[in-house]
Structures are given as structure tokens and as C-alpha cells.
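Heads up: the structure comes next, in C-alpha cells.
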Amino acid sequence: MSKLRLSDEMLGRPERAPKRARVARGPARRTGVPSPFKQGLLLGICVGMTLALALGVVGFLVTRPQATPPAAAPATPPAAAAENSKQPQASIDVAAEHLGDLQIRIDARISAPGSYSPITKGQVVAYTDMVAMPLSHRQGPIVMAEVSGSPGTYQAVSQVPMIGEYNVTVEVRRPMAAQADHRIDVQNVKRS
Ligand SMILES: [Cu+2]
């Protein structure tokens, strides 16, 4: 640039005005040609960022209520989860009996919460876990079969590995998710 300026001054002292104009046109053209492009680029970036922000805000607002129940579900008991999903929860009455030789029979009477009518053809499983040794010999899922002639009553027989107090969890999988717990003390190998 300095060389050009010097040469312009050297050569064109008498023709300063037109050469200055040319020089002025040069940078003007140089700035003029990219400026729409730059403006367009800036505009594009601005519009793009605004759209991205808007999409982000919309996405955040839309997905937040959906993300809250799964986050709350593991922290809260299934009863609260069922309330959140507004699904009718089954009423489960669990009983367990030691039959002897560490065998236990688990009974579950499952009914609809409002009408108390038995829930038939349900998918029901049970889990047993020793209270004093949590998860060390947890058993299940033990499939519970509906007792014929006794609609809504599900039964399973299982053998626990050692004497002790056991927590029996009955889990209804269908037609709705629900579960209930019951404690049974298996203290003697013979029938207690
Ligand atoms: Cu044990």
C-alpha cells in the first residue's frame, strides 16, 4: 500500500484527483464487495443463533415435564410413580406361609383399587430376600399362577436357602404396575 501510495504520488501529482478517486474507488470496491457478503454472513449467524436459541428454549420447555417423572420415579417408591402416571394401582394383599423344609407358599390377592373386583389374568411375580443379608441370596422373579376357582388370587411356592426373616415382594406387571411387601419368619426347618 505504501509503495502504491508513493508511486501514485510520484507519478500522478498533476492528476491527483482522478487517481485519488481511483484509489478511493479501489478500497471502496474492496470493502463494498465483501460488505454485503459479511452482512449476509452476520445476518445468517444472528438468525441461526436466534433460531438455535429459540429451538433450545422450546426444546427445554417441551422436554422438561417429560424428563421430570423418570427422574422422580427411581427416587420415589412405585406408589408415587403410579400416582404421577395417574394409573390405577392394584390393591395387593400378600400372605406367606412356611410349609416346612424352608419351603414357603406365597399368596397374593389382587384387586382393583376402586371396585375391589379381583384382577384376573394378571402377570404377577414374587421376589424373596433375606432381611439380615440383603441381596446376598435374593430370589426371583418367581412366577405366580392364578389359583383356579379363586379369581384374583395368585400363588407360588419357593424354597429359601436358610432360616431367617424374609421379605417377600409381590410385583404385579400387568394389567398395571404395582407391588407390595410382606415379611415372613422362617425359623425352623420343620413347619413353624
Ligand atoms: Cu442368608
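Here, each number is a calculation from the coordinates, and none is a lab measurement. Predicted model only: the values in this text are computed from it and were never measured. Glycine also receives a Cβ, built like all others from the backbone with ideal geometry; neighbour counts cover every protein chain displayed.
Summarising the amide proton neighbourhood of residue 137: residues at separation of 5 or more, or on other chains, whose placed amide H is nearer than 5 Å comprise 130. Sorting 98, 137, 182 by the number of Cβ atoms found within 10 Å of their own Cβ, with the fewest placed first, yields 137, 182, 98. Per-residue 3J(HN,Hα) values for the stretch 167-180, derived from phi via the Karplus relation 6.51 cos²θ - 1.76 cosθ + 1.60 with θ = phi - 60°, read 9, 9, 10, 9, 10, 8, 9, 9, x, 9, 8, 7, 8, 8 Hz in sequence order (x marks Gly and Pro).
With each label modelled as a point 7 angstrom along the Cα→C-beta vector, the residue 93-residue 185 pair spans 2.4 nm. You can think of it this way: the chain between residue 162 and residue 117 has 12.5 nm of extra reach, that is 0.36 nm per residue less the Cα-Cα gap. Placing unit charges on the Cβ atoms only, positive for Lys and Arg and negative for Asp and Glu, gives the stretch 91-186 a dipole magnitude near 360 debye about its Cα centre.
By the beta-carbon count within 10 Å of each Cβ, the least crowded to most crowded order of 119, 142, fewest first, is 142, 119.
For residue 164, neighbours were defined as the other residues whose beta-carbon sits under 14 Å from its Cβ, and their charges (Lys and Arg +1, Asp and Glu -1) total -1. Amide H contacts of residue 144 (H built 1.01 Å from N, in plane; Pro and chain starts excluded): 124, 125, 126 sit under 5 Å, all sequence-distant by 5 or more or on other chains.
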